[in-house]
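For reference, the structure is listed below as structure tokens.
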Amino acid sequence: MKTVGTVESLWRYPVKSMRGQQLESAFAGFSGIYGDRIYAFHDDGAPAGFPYLTGREREHMLLFQPRFRNPDRATKPENQNEAEALAPGVTPVYASPDDLTVDVQTPDGTTIAIDDPALLHLLSKGLRERHHLRLMRSDRSLTDCRPLSLFSLQTVERLGDELGIPLDKRRFRANLYLDLGSSEGFTEDQFVGHTLSIGDKVMLAIVDRDPRCKMITLDPDTVEPNPEVMKRVAREHEGKAGIYAAVLVEGTIRPGDEIRLVN
């Protein structure tokens, strides 16, 4: 196995299209990072294949900050240690919905429970009547395509250089940000079709490059759009930046963990 870099930081997004949380450690399960995108807002006015309200339609969703009401219960499956002790490693169970309840801080500083109708009302303001919203919850991460997304710091820097402006990595809403050392930007593209080993146990199958959308044009602190970001990715990088992964072996990932190319 060849060491190709380290994990720079870990992130999850409890509510689809809202702000993320940086983590000190993360359980990577077959369904994704524990607690990642377990809530979303179903939109009757959205396409049937992608029935969510997201920052594509409501940019200010990115300014809402979700937090788990019981953060200690939301760090990992409650029986992870016991399950991993059973050969060849049993899939642990997720906590109950009550243990993974989320409260959301709105842009004006108000805190609202995720299931409070007031939050639906707030998100619905200004939408046409066909955009009827309802809350969704799933233990399987409600990601766009694959359970995990990875993005290298070198690719962030490369895109910034191409645009002539500094870019905040949070634009790209990855679960794992990678430090690939002296490698050039978009080096992670070479991992597609291969397996990565991370830390002591986790194994990831890198399945595809990440096709990007309007979300990367939005400043994560102000939601001010910069269409040039997407235009550059579309013109120079086939509309893709970052990579998608599926989890082959579950386990805990931490910042600083080595990333190794297995095959």
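No value in this document is a laboratory result; all are computed from the given coordinates. Fair warning: this is a prediction, and the values are worked out from it, not measured in the lab. Quick reminder, even Gly has a Cβ in these numbers, built from the backbone with ideal geometry, and neighbours come from all protein chains shown.
I'd like the trypsin sites (Lys or Arg not before Pro) in region 129-212 restricted to DSSP loop residues with at most 15 other Cβ atoms within 10 Å, sorted by number. Those that pass, being in a loop and sparsely packed, are Arg130, Arg140, Lys201. Expressed to the nearest 5 percent, the antiparallel share of DSSP beta bridges inside the chain is 90 percent.
Pairs from the table (Lys2/Lys201; Lys16/Lys201; Lys16/Lys169; Lys214/Lys240) lying more than 23 angstrom apart at Cα are Lys16/Lys201. With R₀ set to 25 Å, the beta-carbon distance separating Asp168 from Lys240 gives a calculated FRET efficiency near 0.80. Scaled against the 2.2 N^0.38 Å expected of a compact globular protein of N residues, the Cα radius of gyration of the chain reads 1.00. Near Tyr13: Cβ cut-off under 9 Å, other residues only, Lys/Arg at +1 and Asp/Glu at -1. The net charge is +4. For the pair Asp115 and Cys145, a Förster radius of 30 Å applied to the C-beta separation gives a FRET efficiency near 0.65, rounded to the nearest 0.05.
Considering only beta bridges that DSSP places wholly inside region 14-107, some 90 percent are antiparallel.
Enter the Cα centre distance for the pair region 21-58 and region 94-114, rounded to the nearest angstrom. What the calculation gives is 14 Å, centre to centre. Working from label points 7 Å from Cα in the Cα-to-Cβ sense, the Lys231 to Arg67 distance is 4.0 nm. Couplings for region 74-81, taken from phi via the Karplus curve 6.51 cos²θ - 1.76 cosθ + 1.60 with θ = phi - 60°, read 9, 8, 6, x, 5, 10, 4, 4 Hz in order; Gly and Pro are left as x. Counted by Cβ distance under 15 Å from Leu163, the other residues give a net charge of -1, where Lys and Arg count +1 and Asp and Glu count -1.
Count the net charge of all other residues whose Cβ sits under 11 Å from the Cβ of Leu53, scoring Lys and Arg as +1 and Asp and Glu as -1. Once positives and negatives cancel, what remains is +1.
For region 34-42, the Karplus equation 6.51 cos²θ - 1.76 cosθ + 1.60, evaluated at θ = phi - 60°, returns couplings of 4, x, 7, 6, 7, 10, 7, 10, 6 Hz by residue, with Gly and Pro reported as x.
Extending 7 Å from Cα along the Cβ direction at Arg56 and again at Val249 yields two label points whose distance is 3.7 nm. Peptides 105-118, 236-249 ordered by packing proxy, namely the average of other Cβ atoms within 10 Å per residue, highest first: 236-249, 105-118.
Residues of region 241-263 with an amide N closer than 17 Å to a point placed 7 Å from the Cα of Thr6 along the Cα-to-Cβ direction: 253-261. When you restrict to C-alpha pairs under 8 Å that are six or more residues apart and normalise by the size of the chain, the relative contact order lands at 28 percent. In sequence order, region 238-249 has phi-based couplings of 6, x, 10, 7, x, 9, 9, 9, 10, 7, 8, 10 Hz under the Karplus curve 6.51 cos²θ - 1.76 cosθ + 1.60, θ = phi - 60°, and Gly or Pro positions carry x. Can you list residues whose amide H is under 5 Å from Leu218's amide H, if they're 5+ apart or on another chain and H is modeled 1.01 Å from N? Answer set, sorted by chain and number: Asn226. Identify the residues of region 201-245 with backbone N under 13 Å of a label point that sits 7 angstrom from the Cα of Val192 along the Cα-to-Cβ direction, or state none. Residues 206-212, 237-245 fall inside that zone.
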